[in-house]
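Reading through the structure tokens given below for one structure.
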Amino acid sequence: MKAAIVYFSGTGNTFRVGEVFKAYLETINYQVDMIDIAKYKEKLKDYDLFIAGTPSYTKTSSYNMYEFIEKNINKNNNPKANFITYVTQSWGIAFGHLTIKDFVEKKGFEVLGARAFLAPSNFYMYNEKEQPKSDEKEMHQLYQNIYKGVWNLMDSYVKGHVQIDKRSTFQKIKMVIVSKLLKKIFITKFSKSALEVDSEKCRRKESFSFLKMTNITKK
């Protein structure tokens, strides 16, 4: 069996969750490809499972994931494939894993799992008093929870059970509309004029191993 973990990861959290999915799938003898959509531009063929993940933006998901799927993943090239979708978030309630679910279902795929994972915040728009950084103990607990959540989701998948997070349909639709409006009239201009990356503090290239932190071992 062949799986593709298709992800976008701005600071590293979404990639690390993808690593946990990969670790699980390898215990059941899947061939697994990790595909960073920011770098990979080719069409995907002959996969049995796609796992698509992005960070949560305005409570939905990264728009480049929809663009990548539209251009590079279709049912004709992957007739046996199913999907699992996920997002990472640092607070509140996320809907992005469900909006990706809706999108791929319209393309003819069946979605067997959709889940949001709470992860350490790596993005600070205001100040640390309003949005404090997680300390190492909190980070470790969050990563342990992610590991357990992924394992639970994949156990359900292997047993043929569907596990989809429940959310208000009204709230999901509302956040999709808000996200589209913000993307069109605010986010792009704001990010270009007001945001910058501190390369000395950015956690994306941090060298610690998520898998080692959670002591993941094969079954």
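Length available on full extension from M1 to Y63: 0.36 nm per residue minus the Cα-Cα distance, which gives 19.4 nm. Close amide H partners of I51, meaning residues 5 or more places away or on another chain with modelled amide H under 5 Å apart, are A4, I5, V6, I84. For the pairs K106/K159; K43/K75; K71/K106; K2/K80, note any where the Cα-Cα span goes beyond 19 Å. The pairs that break the limit, which is 19 Å between Cα atoms, are K106/K159. Our coupling estimate for the range 16-29, obtained by passing each phi through the Karplus curve with A = 6.51, B = -1.76, C = 1.60 and θ = phi - 60°, is 5, 5, x, 4, 5, 4, 4, 4, 5, 4, 5, 6, 10, 6 Hz, Gly and Pro reported as x.
Sites listed here are GluC sites (Glu not before Pro) in the range 1-104 whose DSSP assignment is loop and whose Cβ has at most 13 other Cβ atoms within 10 Å: E42.
In this structure, the amide hydrogen of Q163, modeled 1.01 Å from its nitrogen in the peptide plane, lies closer than 5 angstrom to those of G113, A114, counting only residues at least 5 positions away or on a different chain.
Summarising the amide proton neighbourhood of S90: residues at separation of 5 or more, or on other chains, whose placed amide H is nearer than 5 Å comprise A119. Computed 3J(HN,Hα) for the range 100-110, one whole-Hz value per residue from the Karplus formula 6.51 cos²θ - 1.76 cosθ + 1.60 where θ = phi - 60°, is 5, 4, 4, 5, 6, 5, 5, 8, x, 8, 8, glycine and proline marked x.
FYI, it's all coordinate maths here, none of it is from the lab. Bear in mind that the values here come from a model prediction, so they are computed numbers and not experimental data. Cβ: placed from backbone, ideal geometry, glycine included. Neighbour counts: every protein chain shown.
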